Amino acid sequence: MENPIITALQTRRSIRKYKPEQITDEELKTVLEAGTWAPTGMGYQDPWIIAIQDPALMERISRMNREIWGRDIDPFYGAPTYVLVFGSDPKKWANSVYDGALVLGNMMNAAHAIGLGSCWINREREMFSSEEGKALMKELGLPEGLVGIGALALGYPASFPQTVKPRKENYYRIIK
Ligand SMILES: Cc1cc2nc3c(=O)[nH]c(=O)nc-3n(C[C@H](O)[C@H](O)[C@H](O)COP(=O)(O)O)c2cc1C
């Protein structure tokens with residue numbers, strides 16, 4: 001079936017090289033807004049979304065991520081915008097991680113739909129469970145007790161992957 005949304009879902013790729021130019025505020029808000037329309041458990045809208053374009057803060061976040069990763073390359077691939085997603089402690093809100101993941105998914109697909117590149121960047125849970133991470137969450141104005149779920153690198157793609165893994169056999173089955 002031909003459909004522009006399905007095509008966008010199939011052609012989105014994780015982007016690992018970005019142009020240095022910043023995206024427009026309109027583009028950023030379009031992506032963030034798309035995140036807010038993700039379904040959430042009981043419609044509770046648990047996730048918290050923070051976009052960051054402040055270079056000093058970005059360097060700090062990149063460094064914190066690198067320290068956990070143990071590799072000395074920018075985990076955000078030089079993207080000019082980071083988007084961090086937080087949620088309630090899963091012990092208190094069982095849907096927390098599912099909700100946050102759907103928000104991230106919506107934002108990645110929205111970014112692709114408007115010609116931006118994005119990539120999910122891991123290790124937020126570890127980053128924001130450290131003392132430094134908790135202090136940073138406070139600085140960001142977040143309430144206490146949240147956990148880091150995931151982050152996005154976001155920007156104009158400087159290169160787009162030309163190959164894609166085929167989907168695994170029997171990824172889905174239909175039982176009638
Ligand atoms: C939960 C999750 C964590 C990921 N973490 C990272 C990461 O830390 N760094 C990275 O470069 N890509 C990360 N990715 C991107 C995946 O590697 C990528 O989605 C996968 O290889 C498929 O490629 P595609 O997104 O281009 O289809 C992550 C994706 C998911 C869903």
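General observations
- Taking each residue of the stretch 144-165 that is closer than 29 Å to GLU126 by Cβ and near the ligand (Cβ under 10 Å from one of its atoms) and looking for partners that are open to solvent by 20 Å² or more (accessible area, probe 1.4 Å) and of a type in the set (Gly, Ala, Ser) with beta-carbon atoms closer than 8 Å, six or more apart or interchain, yields ILE149/ALA101; GLY150/ALA101; PRO161/SER14.
- Pairs are defined by a Cβ separation below 7 Å, a sequence spacing of at least 6 or placement on different chains, a first member in the stretch 112-132 that is on the phi > 0 side of the Ramachandran plot, and a second member that is not basic (Lys, Arg); the pairs so defined are ARG123/ASN65; ARG123/ILE68; ARG123/TRP69.
- Qualifying residue in the stretch 106-116 (condition: over 14 Å from the mean Cα position of the chain (by Cα), open to solvent by less than 10 Å² (accessible area, probe 1.4 Å) and within 14 Å of the ligand (Cβ to nearest atom)): no
- Of all residues making up the stretch 1-51, the number that are basic (Lys, Arg) and open to solvent by less than 50 Å² (accessible area, probe 1.4 Å): 1
- Criterion applied to SER130, SER96, SER88, SER62 was being over 25 Å from LEU9 (Cα atoms), more than 13 Å from the ligand (Cβ to nearest atom), surrounded by 15 or more Cβ atoms within 10 Å (Cβ to Cβ) and among the hydroxyl-bearing types (Ser, Thr, Tyr), and the one residue passing it is SER88.
- Selection within the stretch 95-149 - farther than 18 Å from TRP37 by Cβ and among the aromatic types (Phe, Trp, Tyr): TRP120, PHE128
The values are calculated or read from the model by the stated rules, or taken from the named source; none is laboratory data. Quantities reported herein were computed from a predicted structural model and do not represent experimental measurements. Cβ: placed from backbone, ideal geometry, glycine included. Neighbour counts: every protein chain shown. Heavy atoms of the whole protein, side chains included, go into the accessibility calculation; ligands, DNA and RNA do not. Shrake-Rupley method; radii C 1.70, N 1.55, O 1.52, S 1.80 Å.
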